[in-house]
Amino acid sequence: MAVYNGEKYIESQIESILNQSYHNWQLIIQDDGSTDGTMKIIEKMKKTEPRISVTHNTTEFHGAYENFYVLLNRTKNGDFGVDYDYVALSDQDDIWDDARLATEKKRLDGNNCPCLVYSNYSIIDEKANVILNDANAQIGLVPHPSEAIFFANAYVWGNTIMFNKNLLLKINITKNVITSGHPHDAYLAKAAVLLGNIEYLEDKLVKYRRFSGNVSASMWYKLSAKELLKKLAPAKRAETLGVTLDQSYQILKQYDSNNELLNVIVEGGVQGVEYLLKNRIKRKQFLRMFSMYIVFMIGTYKKWVKFD
């Protein structure tokens with residue numbers, strides 16, 4: 001768990017972890033320099049729960065994504081002395097279903113390849129009232145096919161992720177990755193597609209708290225028609241797709257430099273659209289899919305991709 005100024009909800013998040021039906025776990029919390037009461041709450045809970053460990057991000061890399069990248073590297077390097085088989089990610093303000101760890105672990109058990117699983121989720125507000133019961137039904141969390149994951153970061157949400165040790169040992173989170181500004185969950189998901197396997201669970205295993213203060217508070221499902229059209233405007237879609245493809249391009253170079261998709265991202269145009277059609281790359285929302293095809297055809301996304 002990577003935390004920063006999370007005093008308002010962190011106690012309920014940790015309590016939901018303590019209530020897991022699977023008990024053989026260790027919670028590693030890395031604070032990124034909180035200035036509120038976050039650490040006081042954690043230290044209080046730690047006194048009665050030996051499975052909680054606390055550390056601090058003392059590197060030069062700070063921010064929501066950076067803190068997670070640093071924590072993943074430290075876990076991989078054995079900084080916490082933990083002999084683990086699986087790693088599950090946690091935000092600081094959600095509520096886990098009691099069966100989250102048990103359900104995801106069961107799906108990963110027996111898989112020797114680098115594997116990652118993620119799940120469906122519901123969305124709650126500041127007071128834990130459910131405001132969206134089924135994210136997959138509304139947003140679409142399953143990439144069809146798996147290559148679709150390289151064209152959108154809306155499929156895999158980090159607070160539902162669990163992956164095995166084999167995947168963590170395979171990935172190489174360099175300084176460039178940490179400072180890229182790209183989300184850690186999308187990085188893990190794309191790496192899993194290239195290095196091993198990724199699976200989706202329909203079970204709603206997390207209640208995802210959305211409010212004005214968290215990183216991804218803006219959700220398309222609650223936008224007005226005018227606001228949605230603004231987000232789908234060509235310039236905005238070019239930026240969104242370009243930033244997503246920049247991460248995909250860097251990951252492909254890192255782990256699969258002969259992948260056909262690398263050249264597709266470089267060329268775009270007719271070749272790009274042919275790739276999308278051939279592989280049936282689509283989004284659940286028609287307007288998003290249509291705008292993606294248009295932007296790919298005219299190549300305006302390239303402004304945001306850092307090519308060699």
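Just so you know, all these numbers are worked out from the coordinates, no wet-lab data involved. What you see is a predicted model; the values in this text were computed from it and never measured. Quick reminder, even Gly has a Cβ in these numbers, built from the backbone with ideal geometry, and neighbours come from all protein chains shown.
Here are the numbers:
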| item | result |
| --- | --- |
| Segment 115-130 - phi-based ³J(HN,Hα) in whole Hz, Karplus 6.51/-1.76/1.60, Gly and Pro as x | 10, 9, 10, 8, 10, 5, 7, 10, 10, 10, 9, 4, 9, 6, 7, 6 |
| Sites Asn172 and Gln138 - FRET efficiency at Förster radius 25 Å, r taken between beta-carbons, to 0.05 | 0.10 |
| Sum of -39500 (n - 2.57) over DSSP H runs of 4+, divided by residues of the chain (222 nm, nearest 500) | -12000 deg cm²/dmol |
| Where GluC sites (Glu not before Pro) fall in DSSP loop in segment 1-89, at most 15 other Cβ within 10 Å | Glu60 |
| Cβ-based exposure ranking for His144, His182, in which fewest neighbours within 10 Å come first | His144, His182 |
| Kirkwood hydrodynamic radius over Cα pairs of segment 240-287, then Stokes diffusion coefficient at 20 °C and 1.002 mPa s, in µm²/s | 186 |
| In degrees, nearest ten, helix 64-76 long axis to first principal axis of the chain (Cα) | 70 |
| Fewest-first ranking of Val193, Val82, Val273, using other Cβ atoms within 10 Å as the exposure measure | Val82, Val273, Val193 |
| In degrees, nearest ten, helix 269-278 long axis to first principal axis of the chain (Cα) | 60 |
| ³J(HN,Hα), Karplus 6.51/-1.76/1.60, whole Hz, each residue of segment 160-171, x for Gly, Pro | 10, 7, 9, 9, 8, 4, 4, 5, 4, 6, 7, 7 |
| Normalised alpha carbon radius of gyration of the chain [divisor 2.2 N^0.38 Å] | 1.00 |
| Two-decimal ratio, segment 223-304, of alpha-carbon radius of gyration to 2.2 N^0.38 Å | 1.11 |
| Anchor Lys106: lysines whose Cα lies under 29 Å away (excluding residues fewer than 8 positions away in-chain) | Lys46, Lys76, Lys165, Lys170, Lys190, Lys204, Lys207, Lys284 |
| Spin-label pair Lys253/Arg74, simplified geometry with 7 Å Cα→Cβ offset, distance in nm | 2.9 |
| Extended-chain gain in nm, criterion 0.36 nm per residue less alpha-carbon gap, Arg280 and Glu260 | 5.7 nm |
